[in-house]
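Visitor: Structure below; questions to follow.
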Amino acid sequence: MIRSLAATLFALVMMGGLAVSAQADSTPVSGTLTGNTTLTATANPDVFDSNFTGSGIDTVSGAFTTTNTSTITFTSSSTFISSGTFMDLSAGGTLFGTLSGMGNVTATGSDTTTLDLFTGGTGIFAGATGEVTVTGTSTTTGAFTGTYTGFVTTPEPSSLALMLAGIGLLPLMPKRLTQGRRAI
């Protein structure tokens, strides 16, 4: 009986190992983004609070709306860094995370590049991770136009279901083993 239980546990561990290797789907994403930024001065003349609202079209999830809140710190009269959080809402769910970036002031506004890291989500984005690089331009009135490329990784539900099914069948094994011994 101990051998059979050990063999069953070994088989479950092996199945779990196979499921782990296929546990996530990484999907390339890209798209366009437009919106408006509002800057609010802080007590420090080099630091501004930034609030962005916008919308975009993603190659995978389609149309979405987005918001982000960040802090912009000028490192010189023509360069700045930013960091904050964002939330994207699409028909399939919500994707959220953190952002950090940099930019340069231009005669007509600014050029920016940010790295957005996905830390989770809801719906089709539940448990999502990944990143996109966003590049774009803002006018002096706050209008933003940009593009992004990257990837999103979401857990594969079938792997979790396979593992849970195997664990769920484990209590039946001792009963099956004792029935097999009676037949011998």
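Visitor: Just wondering, is there one or more residues in region 66-77 that are on the phi > 0 side of the Ramachandran plot and at pLDDT 95 or above?
Guide: no
Visitor: How about region 57-116: which of its residues are loosely packed, with under 15 Cβ neighbours inside 10 Å, outside any strand (DSSP E or B) and without any contact (Cβ under 8 Å) to a residue 40 or more places away in the chain?
Guide: Within region 57-116, T59, T75, S76, S77, S78, A91, A107, T108 qualify.
Visitor: Here is a further query. Which condition number does I72 fail, the rest of (1) out of contact with any Asp or Glu (no Cβ under 6 Å at 6 or more places or on another chain); (2) under 22 Å from V29 (Cα atoms) being met?
Guide: I72 satisfies all of (1) out of contact with any Asp or Glu (no Cβ under 6 Å at 6 or more places or on another chain); (2) under 22 Å from V29 (Cα atoms) except (2).
Visitor: For V134, work out the one condition from (1) under 30 Å from E156 (Cβ atoms); (2) over 12 Å from the mean Cα position of the chain (by Cα); (3) surrounded by fewer than 19 Cβ atoms within 10 Å (Cβ to Cβ) it doesn't fulfil.
Guide: (3)
The values are calculated or read from the model by the stated rules, or taken from the named source; none is laboratory data. Source: prediction; values computed, not measured. Glycine gets a Cβ as well: all are built from the backbone with ideal geometry, and neighbour counts include every protein chain shown.
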